[in-house]
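Here the structure is laid out as structure tokens; the discussion comes afterwards.
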Amino acid sequence: MIIETRNLTKEYNGIKALKDVSFSVKEGEIFGFLGPNGAGKTTTIKILTTLLMPTSGEVYVNGYNVVEEAKKVRESIGLVPQENVLENDLTARENLIFHGMLYNIKGRKLEDRVEKALKFADLESRADEKVRNFSGGTKRRLETVKAFLHSPKIIFLDEPSLGLDPQSRRLFWDYIEKINKEEKITIFLTTHYMDEADYLCDRVCIIDMGKILDLDTPKNLKEKFGEGEVVEITVPRARKFAEILKEKCECNIIKVDEERLKISSKHKERALAEIFKNADELGVSILDISVREPTLEDVFIHYTGKGIREGKGDFTKAVLRRFKG
């Protein structure tokens, strides 16, 4: 295992942010680490990247103990933060050279790695163009190749496609897969996009309230969801309708607001019959109804009771301070 935590605990002023967290990441996989804000996700990542010391437990990254061998851990990892930290007044080539020099890569070795990175990111024709002229997607590609310039074993991607349009996101996903397969780099990914985790990750770990809730492949997680197909209904007085369905229908209420109701049921046909029967008895009109297979987001909400919320912690700033200083 290239990353392993054993009974990892972290306390802040007597409050446990992490409670005996144990998980492992296989070498060469894309590993998703998911959790709402305050779940312990950022604390875990900061410990993995040597920015924070654990209160107790053991943590190994690339075989090195994060407490006793922090320098070797840092040499083993790369980071793609949420926000681009490229120098806009430098060219793509100059940004890569500058980053390589931070890791004491020099001479011909640096030149070769820069050229390889530019080719890998499909930026050879724009190598001497200032980064300020690049689109968000192009900057993300450059930021990512910069992270593996020093040949790390693991790259931490902190919400890498945040702010990208759908087309750029999909292209970036393909790019991440390419890095993972061709460079044989383990990817540790945090994201609040469930479709991103589902598409990219070999395995996904869900954490909340400082505890690991589940860890498995996206496919197995959805199968373990075990509550059947998801029915989404648009109907007036949805909250009242949900109360009635809860009593009379073999279903699980997932989410409800004023005019939108989401349920799951192992008996789709029976559930649909009850939905239409009760709507008729109440004298309300079903404005829209759809049936689908459960998604990773359904699993996430099932475990945590909430959707992933966007929010920026101090992880990125802390990493940059440590790596540049």
Completion exercise
Restricted to segment 184-242 and to residues being over 30 Å from Leu149 (Cα atoms) and aromatic (Phe, Trp, Tyr), the residue surrounded by the fewest Cβ atoms within 10 Å (Cβ to Cβ) is Phe225
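If I ask for residues that are at positive phi, modelled with pLDDT of 90 or more and assigned to a loop (DSSP other than H, G, I, E, B), which ones from segment 14-34 would you list?
Going residue by residue through segment 14-34, those that are at positive phi are 14, 20, 28.
Cutting the leftovers down to modelled with pLDDT of 90 or more gives us 20, 28.
Gly28, the sole residue that qualifies.
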Practice task
For segment 35-46, indicate whether the set of residues that are under 30 Å from Glu182 (Cβ atoms), hydrophobic (A, V, I, L, M, F, W, C) and not in a strand (DSSP E or B) is non-empty.
Solution key: yes
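Can you name every one of the strands (runs of 3 or more DSSP E) wholly within segment 218-270 that holds 2 or more residues which are modelled with pLDDT of 85 or more? Spell out the reasoning first.
Numbers: elements: 229-234, 252-256, 260-265.
Counting at least 2 such residues, we get 229-234, 260-265.
Can you find a residue that is assigned to a loop (DSSP other than H, G, I, E, B), free of Cβ contacts under 8 Å to residues at least 60 places away in the same chain and among the aliphatic types (A, V, I, L, M) anywhere in segment 1-10?
Residues of segment 1-10 assigned to a loop (DSSP other than H, G, I, E, B): 1-2.
Narrowing further to those that are free of Cβ contacts under 8 Å to residues at least 60 places away in the same chain: 1.
With the extra rule that they be among the aliphatic types (A, V, I, L, M), the set shrinks to 1.
Taking every residue of segment 1-10 in turn, at least one turns out to be assigned to a loop (DSSP other than H, G, I, E, B), free of Cβ contacts under 8 Å to residues at least 60 places away in the same chain and among the aliphatic types (A, V, I, L, M).
Would you be able to say whether some residue in segment 107-118 is outside any helix (DSSP H, G or I), touching a residue at least 12 places away in the same chain (Cβ under 8 Å) and either under 30 Å from Pro166 (Cβ atoms) or of a type in the set (Ser, Thr, Tyr) (or both)?
Looking only at segment 107-118, we keep the residues that are outside any helix (DSSP H, G or I), and these are none.
Scanning segment 107-118, I find no residue that is outside any helix (DSSP H, G or I), touching a residue at least 12 places away in the same chain (Cβ under 8 Å) and either under 30 Å from Pro166 (Cβ atoms) or of a type in the set (Ser, Thr, Tyr) (or both), so the answer is no.
Going residue by residue through segment 80-92, is there one that turns out to be outside any loop (DSSP other than H, G, I, E, B), surrounded by 21 or more Cβ atoms within 10 Å (Cβ to Cβ), more than 24 Å from the chain's Cα centre (by Cα) and modelled with pLDDT of 90 or more? Walk me through how you get there before you give the answer.
First pass over segment 80-92, keeping only residues outside any loop (DSSP other than H, G, I, E, B): 80, 91-92.
Filter again for surrounded by 21 or more Cβ atoms within 10 Å (Cβ to Cβ), leaving 80, 92.
Okay, now just the ones that are also more than 24 Å from the chain's Cα centre (by Cα), so 92.
If we keep only those that are modelled with pLDDT of 90 or more too, we end up with 92.
Yes, that holds for at least one residue.
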Handout entry: In segment 275-285, residue modelled with the highest pLDDT [restricted to those that are farther than 16 Å from Ile254 by Cβ and surrounded by 15 or more Cβ atoms within 10 Å (Cβ to Cβ)]
Key = Ala279
Fill in the blank from the handout: Checked Arg132, Arg126 against criteria (touching a helix residue (DSSP H, G or I) at 6+ places or on another chain (Cβ under 9 Å) and assigned by TED's automatic domain parsing to the domain that holds Asn180); the one match is Arg126
Handout entry: Single condition Leu149 does not satisfy, out of (1) surrounded by 19 or more Cβ atoms within 10 Å (Cβ to Cβ); (2) touching a His at 6+ places or on another chain (Cβ under 8 Å); (3) modelled with pLDDT under 85
Key = (3)
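Being surrounded by fewer than 22 Cβ atoms within 10 Å (Cβ to Cβ) and either free of Cβ contacts under 8 Å to residues at least 60 places away in the same chain or among the polar types (S, T, N, Q) (or both) is the requirement here; does Glu129 meet it?
Values: surrounded by fewer than 22 Cβ atoms within 10 Å (Cβ to Cβ): yes; either free of Cβ contacts under 8 Å to residues at least 60 places away in the same chain or among the polar types (S, T, N, Q) (or both): yes.
It is true that Glu129 is surrounded by fewer than 22 Cβ atoms within 10 Å (Cβ to Cβ) and either free of Cβ contacts under 8 Å to residues at least 60 places away in the same chain or among the polar types (S, T, N, Q) (or both).
Is segment 19-40 home to any residue that is more than 22 Å from Ala197 (Cβ to Cβ) and in contact (Cβ under 8 Å) with a residue 12 or more places away in the chain? Walk me through how you get there before you give the answer.
Initially, segment 19-40 is screened for residues more than 22 Å from Ala197 (Cβ to Cβ), giving 19-20.
Among the residues that remain, those that are also in contact (Cβ under 8 Å) with a residue 12 or more places away in the chain are: 19-20.
Yes, some residue in segment 19-40 is more than 22 Å from Ala197 (Cβ to Cβ) and in contact (Cβ under 8 Å) with a residue 12 or more places away in the chain.
Please enumerate the residues belonging to segment 24-75 that are under 17 Å from Asp208 (Cβ atoms) and of a type in the set (Val, Ile, Thr).
Here is the first cut: in segment 24-75, the ones under 17 Å from Asp208 (Cβ atoms) are 32-45.
Across segment 24-75, the qualifying residues are Thr42, Thr43, Thr44, Ile45.
The values are calculated or read from the model by the stated rules, or taken from the named source; none is laboratory data. Quantities reported herein were computed from a predicted structural model and do not represent experimental measurements. Cβ atoms come from the backbone with ideal geometry, glycine included; neighbour counts cover every protein chain shown.
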